Amino acid sequence: DGFPTNDDCLKRWRLICGLIARQRVGINVKFEDLDDPMRQGLFETLKQFLEFPEGTSEAQMNRVRGAAWKSIAKLHRHFKSNLV
């Protein structure tokens, strides 16, 4: 599905996605309203901190990209709701 399977990797995934959600996406912005270049920039930031196996296909990267956007959006909503 695009998510890591190892527990340590999943914790790292959540940590990085949460940091991106808090630091790169404004508090007054709905994640659904972000345009594609902005979303792609968030994924590029995420890719800097993760390692992908050799031979990762474009279809697999698209699943990872979708999973990353889903995680970042969820953590962004969670962060905003905890501020209230």
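The values are calculated or read from the model by the stated rules, or taken from the named source; none is laboratory data. Since this is a predicted model, take the numbers as computed values, not measurements. Here Cβ is always computed from backbone atoms with ideal geometry, including for glycine, and neighbour counts include all displayed protein chains. What goes into the accessible areas is simple: the full protein's heavy atoms, side chains included, and nothing from ligands, DNA or RNA. Shrake-Rupley method; radii C 1.70, N 1.55, O 1.52, S 1.80 Å.
Secondary-structure-derived ellipticity at 222 nm for the chain, considering helices only, amounts to -23000 deg cm²/dmol, per-run term -39500 (n - 2.57) for DSSP H runs with n ≥ 4.
Label-to-label distance for Lys47 and Ile27 is 3.2 nm, based on points extended 7 Å past Cα in the beta-carbon direction.
The stretch between Gln60 and Cys9, if pulled fully straight at 0.36 nm per residue, gains 16.6 nm over its current Cα-Cα span.
With all protein chains in place and a 1.4 Å probe, the accessible surface of the chain carries 51 percent carbon and sulfur. Compute the Cα gyration tensor for the range 11-84, then decide on rounded, prolate or oblate, letting a ≥ b ≥ c be the square roots of its eigenvalues: rounded whenever a/c is under 1.5, prolate when a/b is larger than b/c in the other cases, and oblate in all that remain. Taking the square roots of the gyration eigenvalues as a ≥ b ≥ c, the range 11-84 is prolate. If you take all other residues with their beta carbon under 14 Å from the beta carbon of Asp33, and give Lys and Arg +1 and Asp and Glu -1, the sum is +1.
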